[in-house]
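S.K.: My structure is below; once you've seen it, I'll send some questions.
Since every read-out is calculated from the coordinates, none of them should be taken as a lab result. Because the structure is predicted, anything quoted here is derived from the model rather than measured. With ideal geometry, Cβ positions are generated from the backbone for all residues, glycine too; neighbour counts draw on all protein chains shown.
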């Protein structure tokens, strides 16, 4: 706890620097990644990230320096090279895009690991820290590193804002963009370059192996919260920044921990949370709708019991025992009781001890459902030419769904029928 | 006859196999023209070649007697509805405003007059009340109308539509047909790819009958003849398909020099 307070107080200027820096890197990667996500190129980011490793190593071997600008040039060159090769393979051979990505990713990464190992064994003292590129180590970044990376990040954000509407169009409908004469090739080039650069600076914080997560996960989570592109990108950036913050925190509190995995844990937490809890699109919201539907079906089925008994005995208002109700329909006793209590809270049924009766309000509701059931049976019989003994099960389900508007359409199309295919009367609510 | 579209000896190949052989025809200005043919007859490919989306193996297209590049702003293209992912995070208005993007104003922001034009376009397709609706919540017919509104917002002279009547409801079909008539009355030219022979005669003034080669072109009354329809819908030419297969198999090109 003290660690957290000390970290949050930002009393150490280096903490401040690194934290803000990694937050910018996280936000940049999330913003750029939103477009990769929407263009269904999620895996390309992974390939770029892995392909950057040999570039970083080569840049170090050739220059002998760990200056971030030098390393980024190397990273940029092999990152772009991987894109060109992926594109070339999928264009000129029979191999599909996913195979091309898989091949390029592993070949580049393997080569990168080879170079990294040989650098580490060369005895060059300056090399210490290069292995941080694998899993990231935010706290080991110098102020100068952070300055360079965050400046690049900010430039990338500005470029994206500049081309925002064009990037939106080439993500949604590239053919249309070509037809209206937008320079699609050029725009794609810019977008690819931005992606390579975002990856190149992002790996400083999370490392090569987990960079794809920083690119794609924020957008995947953000998509659950909104239908607007601008809002989605904004939420993704917030997710990216939060995990950047979390990553640098871990880096200080537990110096032996690599940053990348923790950033990814934080991101996964946010994204899984979104998948579950987002309104409307989230799983929980969907379960809730399902649950409500089940309750509606149960309540309506219980009301129908009263109607069916009433119809047979020509008395809709008499009290009924649980046993009598259970006999009419295949319902489990617990279900029936649950249904009755739900209905009671809506004043559609009443009870005197163990005897239950339907109220006037409940009867109207029951009539409505029976009516929809029989209208639908009639419709299936007349329009779909189904035999009367084939229509019941279908109507059991559809009766809970039909809206008043469709009810009116049904009546009209069937010319206001009074009897269903089984010659039962189609009831209507008496005013 | 003033010509809106001319294709000259147009041959287009996919993976070397020609899917259109030497297509050569002219379409007049101010008419509604249907490009008709069975499945796999190369209708969509023809549109893509006209719009510069696929490169022909030989031949060329001219629009208003000029290259596409020179008349781009006078041409509007409505791609097939299924060609995009409708789960994209955007509203109806966002999509229609894309019709106002131009290559000449890359950095210009969308302004109020662009919005007014988009609103007018939405009104014409009876979709104004849905302007804030997320596009993934639209029905197929509504999606089609959004695409047409985007195209209207461009304010073009020639409209090229790929299968706008596929999978749409009756209300959309009627809305599109009314629009086509209105466009014609304003002197616009409309070219529509269509696969349903039954309705083609009611919808169009001119017909291009296609089945990997041009079968016939002309005013509809000249084209709707038993022998021509039989020729277009009676299957592909056997030898032509075989030669196409050979070109692909042996790795040749459909022209000696490329």
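S.K.: Which of the three applies to the stretch A:235-336, rounded, prolate or oblate, going by the alpha-carbon gyration tensor with a ≥ b ≥ c and a/c under 1.5 meaning rounded? Spell out each step's value before the answer.
M.R.: Numbers: a/c = 7.77, a/b = 4.47, b/c = 1.74.
The shape class here is prolate.
S.K.: Calculate the length of the line joining the C-alpha centroid of the stretch B:214-255 to that of the stretch A:355-388, in whole Å.
M.R.: The two parts, judged by their Cα centres, are 57 Å apart.
S.K.: With a 10 Å cut-off between alpha carbons and a GNM built on chain A, which of A:271, A:93, A:19 moves the most?
M.R.: A:93
S.K.: Over chain A, what is the mean sequence separation of C-alpha contacts under 8 Å (at least six apart), divided by residue count, expressed as relative contact order in percent?
M.R.: 18
S.K.: Also: Once the convex hull of the C-alpha atoms of the stretch B:62-109 is built, how many Å³ does it hold per residue, rounded to a whole number?
M.R.: 105
S.K.: Still on this structure: Over the C-alpha atoms of the stretch A:285-358, what are the Rg and the largest Cα-to-Cα span, Dmax, in Å?
M.R.: Just the Cα atoms of the stretch A:285-358 yield Rg and Dmax of 12.6, 43 Å.
S.K.: How high is the relative contact order of the stretch A:285-358, in percent, counting Cα pairs under 8 Å that sit 6 or more residues apart?
M.R.: 35
S.K.: On each of the three principal axes of the Cα atoms of the stretch A:315-362, give max minus min coordinate, whole Å, ordered largest first.
M.R.: So the three principal-axis extents are 25, 23, 18 Å.
S.K.: Is there a simple number for the mean count of other chain Cβ atoms within 10 Å of the Cβ of residues in A:155-168, and what is it?
M.R.: Neighbouring Cβ atoms belonging to other protein chains average 2 per residue here.
S.K.: Related question: Helix A:283-313 versus the longest principal axis of chain A: what is the Cα-based angle in degrees, 0 to 90, to the nearest 10?
M.R.: Value to nearest ten degrees: 10.
S.K.: Using only alpha-carbon positions, what ratio does the radius of gyration of the protein assembly as shown give when scaled by 2.2 N^0.38 Å? Intermediate values should be presented prior to the final figure.
M.R.: Numbers: Rg = 32.7 Å, N = 689, 2.2 N^0.38 = 26.4 Å.
Dividing the Cα radius of gyration by 2.2 N^0.38 Å gives 1.24.
S.K.: If you look at just the Cα atoms of the stretch A:2-279, how large are its Rg and its Dmax in Å?
M.R.: Over the stretch A:2-279's Cα set, Rg and Dmax evaluate to 18.4, 60 Å.
S.K.: Let me ask another. Please work out the C-alpha center-to-center distance from the stretch A:255-289 to the stretch B:1-73 and express it in whole Å.
M.R.: 50
S.K.: Running a GNM on chain A with Cα contacts under 10 Å, which residue among A:242, A:157, A:322 ends up with the highest mean-square fluctuation?
M.R.: In the Gaussian network model the winner is A:322.
S.K.: Before rounding to the nearest 500, sum -39500 (n - 2.57) across all DSSP H runs of length at least 4 in chain A and divide by the residue total; then give [θ] at 222 nm in deg cm²/dmol.
M.R.: -24500 deg cm²/dmol
S.K.: Under the definition of partner shielding as Cβ atoms of other protein chains within 10 Å of a residue Cβ, what is the mean value for peptide A:180-190?
M.R.: 3
S.K.: Okay, moving on. Residue by residue through A:226-232, how many Cβ atoms from other chains fall within 10 Å of the Cβ on average?
M.R.: Values: counts 2, 12, 6, 5, 3, 1, 1.
Average neighbour count from other chains, rounded to a whole number: 4.
S.K.: Taking the 0 to 90 degree range and rounding to the nearest ten, how far is the long axis of helix B:170-185 tilted relative to the main principal axis of chain B, both from C-alpha atoms?
M.R.: 80
S.K.: Mind checking the angle between helix A:184-206 and chain A's longest principal axis? C-alpha axes, 0 to 90 degrees, to the nearest 10.
M.R.: 80
S.K.: Looking only at the stretch B:3-250, where both bridge partners belong to it, what percent of the DSSP beta bridges are antiparallel (to the nearest 5)? Kindly include the intermediate steps, with their values, before the conclusion.
M.R.: Working: 21 of 40 bridges.
About 50 percent, rounded to the nearest 5.
S.K.: Mind telling me which of B:37, B:234, B:218 comes out most flexible in a GNM of chain B, alpha-carbon contacts under 10 Å?
M.R.: Result for chain B, Cα springs under 10 Å: B:234 fluctuates most.
S.K.: Further, regarding this structure: Expressed in nm to one decimal, what extension gain is obtained for the pair residue A:40 and residue A:281 from 0.36 nm per residue of sequence separation less their Cα-Cα distance?
M.R.: Contour length minus the Cα-Cα distance gives 84.8 nm.
S.K.: Just how far, in whole angstrom, is the stretch A:35-68 from the stretch A:119-186 if you go by their alpha carbon centroids?
M.R.: Measuring centre to centre over Cα atoms gives 9 Å.
S.K.: Follow-up. Note down the relative contact order for the stretch A:75-198 as a percent, whole number, built from C-alpha pairs under 8 angstrom at least six residues apart. All intermediate terms of the calculation are to be shown ahead of the outcome.
M.R.: Details: 40 pairs, mean separation 28.8, N = 124.
Reported relative contact order: 23 percent.
S.K.: Tell me whether the stretch B:3-250 comes out rounded, prolate or oblate; compute the Cα gyration tensor, take square roots of the eigenvalues as a ≥ b ≥ c, and use a/c under 1.5 as the rounded threshold.
M.R.: Verdict is prolate for the stretch B:3-250.
S.K.: Oh, and also: For a test of the definition: using alpha carbon positions, the gyration tensor, and the 1.5 limit on a/c, classify the stretch A:297-400 as rounded, prolate or oblate. Write out the running numbers ahead of the final one.
M.R.: Working: a/c = 2.10, a/b = 1.99, b/c = 1.06.
It is prolate, given that a/c is not under 1.5 and a/b is the larger ratio.
S.K.: To the nearest 0.05, how large is the calculated FRET efficiency for residue A:185 and residue B:111 if R₀ is 30 Å and r is the Cβ-Cβ distance?
M.R.: Result of the calculation: an efficiency of 0.65.
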